[in-house]
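Enquirer: First the structure, then my questions, so here it is.
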Amino acid sequence: MLVQIHSDIHFEESYYHGTYEGTAKDRLLKMLKAHGPQELIVTGDSGHKWTVADWEDITKIVQLTLLYGNHDDLKTLVRVRNADGTRALVDDGEVRSIGGLRFGFINGIIGSRPKEGIPRKTPREFMLVARELKSQGVDVLCMHDSPITDARMSPTAHTRNVIYSAVMEMQPYYSIAGHVHGGTSIGYIGRTLHANIDSSQKWETYATLDTSKMKLSIWQAMNRKPSIEYIRTDAPQRELADVARDRKLSQKVADLFGRRHDSNRAGERQKPVPLTAA
Ligand SMILES: [Fe+2]
Ligand SMILES: [Fe+2]
């Protein structure tokens, strides 16, 4: 199965560092058409211009998993549904089986207080979610916040260290994050290959993961060849028919973020669970 991963699309009716961001959705559709993935994961900072109808243009052609970052409209994101009725937006600590691999998710960023209704996590909360994921077993970690140091965006190296430690503790085959803008960074954190991507219109880098080959490719815009390609040969062979959604969470994490997760079946919950500031 081919999974396409974008981050920090920043679909906005405005300019960022001289780049107009209002055509990001159309650009995304073209990039999806170019690869034809079965799954799309967007790891936060989608931007505020999206409507539910806009997202439906995406879910018509691909199964969608959404994370929130720190530049999102949560009221819209919680309403986005896939064609099979599953909610696109993940919960913290949620694991979804995609193409036979276990994808784990951590929303948002580490910070002291919510902004624009978007929750932040304390370092302790971030690690709690990471440990929840570790207990479930994760092959691919997707998060918005990044272990990569950027002095401009994160004056405290402590925050980066927390995320780095979370990846070290979990040790998935791949971890993918955004938040830190400026193209792509890739490198090892322990045995995990970490890739930071920036799919804003200024950089337009994104990843594809061929789950059957464990092949991660990093692309820039519409280039026909990937700029980086990597295959994990140490990954175990898995049952590729396993596409069920797994929403098991410990009560500790569910309580922390104010939600219960009694339903594990795709499409069983009809109403989106409201997200509240942590
Ligand atoms: Fe961003
Ligand atoms: Fe961000």
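The values are calculated or read from the model by the stated rules, or taken from the named source; none is laboratory data. Worth saying up front: this structure is predicted, and the values here are computed from it rather than measured. Because the Cβ atoms are built from the backbone with ideal geometry, glycine has one as well, and the counts that use them run over all protein chains shown.
Enquirer: Working only within segment 167-196, note down all residues that are in contact with a Ser or Thr (Cβ under 9 Å, 6 or more places away or on another chain) and hydrophobic (A, V, I, L, M, F, W, C).
Expert: Val167, Met168, Met170, Ile176, Ala177, Val180, Ile189, Leu193, Ala195
Enquirer: Related question: Given the criteria more than 15 Å from ligand 1 (Cβ to nearest atom), outside any helix (DSSP H, G or I) and of a type outside the set (Ser, Thr, Tyr), does Asp26 qualify?
Expert: No; evaluated as a whole, the condition is false for this residue.
Enquirer: Please determine, by comparing only the residues of segment 101-114 that are in contact (Cβ under 8 Å) with a residue 40 or more places away in the chain and surrounded by fewer than 18 Cβ atoms within 10 Å (Cβ to Cβ), which one is nearest to His194 (Cα to Cα).
Expert: The residue in question is Gly111.
Enquirer: Which of the residues spanning segment 162-208 are surrounded by fewer than 22 Cβ atoms within 10 Å (Cβ to Cβ), touching a Gly at 6+ places or on another chain (Cβ under 6 Å) and modelled with pLDDT of 90 or more?
Expert: Met168, Gln171
Enquirer: Continuing with the same structure: Assess whether Glu116 counts as being charged (D, E, K, R) and at positive phi.
Expert: So Glu116 fits the description; yes.
Listed here are the residues, each with its yes/no results for (1) within 16 Å of ligand 1 (Cβ to nearest atom); (2) assigned to a strand (DSSP E or B); (3) not hydroxyl-bearing (Ser, Thr, Tyr).
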| site | (1), (2), (3) |
| --- | --- |
| Pro172 | no, no, yes |
| His179 | yes, no, yes |
| Gly187 | no, yes, yes |
| Leu193 | no, yes, yes |
| Ser200 | yes, no, no |
| Tyr206 | yes, yes, no |
| Lys213 | no, no, yes |
| Trp219 | no, yes, yes |
| Lys225 | no, no, yes |
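Enquirer: Of all residues in segment 42-72 being under 10 Å from the mean Cα position of the chain (by Cα) and not acidic (Asp, Glu), which is nearest to ligand 2 (Cβ to nearest atom)?
Expert: The qualifying residue nearest to ligand 2 (Cβ to nearest atom) is Gly69.
Enquirer: Here is a further query. Consider segment 100-118. How many of its residues are more than 16 Å from Thr159 (Cα to Cα) and at pLDDT 95 or above?
Expert: 5
Enquirer: Continuing with the same structure: Name the residues in segment 132-148 that are more than 16 Å from ligand 1 (Cβ to nearest atom), assigned to a loop (DSSP other than H, G, I, E, B) and out of contact with any Leu (no Cβ under 8 Å at 6 or more places or on another chain), would you? If you could, list the steps in order and put the result at the bottom.
Expert: Filtering segment 132-148 down to residues more than 16 Å from ligand 1 (Cβ to nearest atom) leaves 132-141.
Pick out the ones that are also assigned to a loop (DSSP other than H, G, I, E, B) and you get 137-139.
Within segment 132-148, Gly137, Val138 qualify.
Enquirer: Quick check on Val95: is it modelled with pLDDT of 95 or more, in contact with a Gly (Cβ under 7 Å, 6 or more places away or on another chain) and aliphatic (A, V, I, L, M)? Outline the logic, then answer.
Expert: Values: modelled with pLDDT of 95 or more: yes; in contact with a Gly (Cβ under 7 Å, 6 or more places away or on another chain): yes; aliphatic (A, V, I, L, M): yes.
When the stated conditions are applied, Val95 passes them.
Enquirer: Have a look at Arg113, Arg102 and point out the one that is over 19 Å from Glu132 (Cα atoms), away from ligand 1 (no atom under 16 Å from the Cβ) and not aromatic (Phe, Trp, Tyr). Outline the logic, then answer.
Expert: Details: Arg102 fails: over 19 Å from Glu132 (Cα atoms).
Exactly one of Arg113, Arg102 is over 19 Å from Glu132 (Cα atoms), away from ligand 1 (no atom under 16 Å from the Cβ) and not aromatic (Phe, Trp, Tyr), namely Arg113.
Enquirer: Confirm whether Ser46 is within 15 Å of ligand 1 (Cβ to nearest atom), in contact with a helix residue (DSSP H, G or I) (Cβ under 9 Å, 6 or more places away or on another chain) and among the hydroxyl-bearing types (Ser, Thr, Tyr).
Expert: Answer is yes for this residue.
Enquirer: Moving on to the next point. Restricting to segment 115-146, name every residue that is surrounded by 17 or more Cβ atoms within 10 Å (Cβ to Cβ) and of a type in the set (Ser, Thr, Tyr).
Expert: Once the filter is applied, which keeps residues that are surrounded by 17 or more Cβ atoms within 10 Å (Cβ to Cβ) and of a type in the set (Ser, Thr, Tyr), segment 115-146 yields only Ser146.
Enquirer: Continuing with the same structure: Ile9 fails exactly one of the following numbered conditions: (1) within 15 Å of ligand 1 (Cβ to nearest atom); (2) not in a loop (DSSP other than H, G, I, E, B). What is the number of that condition?
Expert: Condition (2) is where Ile9 drops out.
To keep it simple, each residue is scored yes or no on (1) in contact (Cβ under 8 Å) with a residue 24 or more places away in the chain; (2) closer than 23 Å to Asp210 by Cβ.
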{"position": "Thr86", "(1), (2)": "yes, yes"}
{"position": "Gly117", "(1), (2)": "yes, no"}
{"position": "Lys121", "(1), (2)": "yes, no"}
{"position": "Arg124", "(1), (2)": "no, no"}
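Enquirer: Then there is this: Return yes or no: is Ala53 at pLDDT below 95 and not polar (S, T, N, Q)?
Expert: Taking the combined requirement at face value, the residue does not satisfy it.
Enquirer: Considering only strands (runs of 3 or more DSSP E) fully contained in segment 49-131, which possess at least 1 residues that are among the polar types (S, T, N, Q)?
Expert: In segment 49-131, 63-67, 95-98 are the strands (runs of 3 or more DSSP E) which contain 1 or more residues that are among the polar types (S, T, N, Q).
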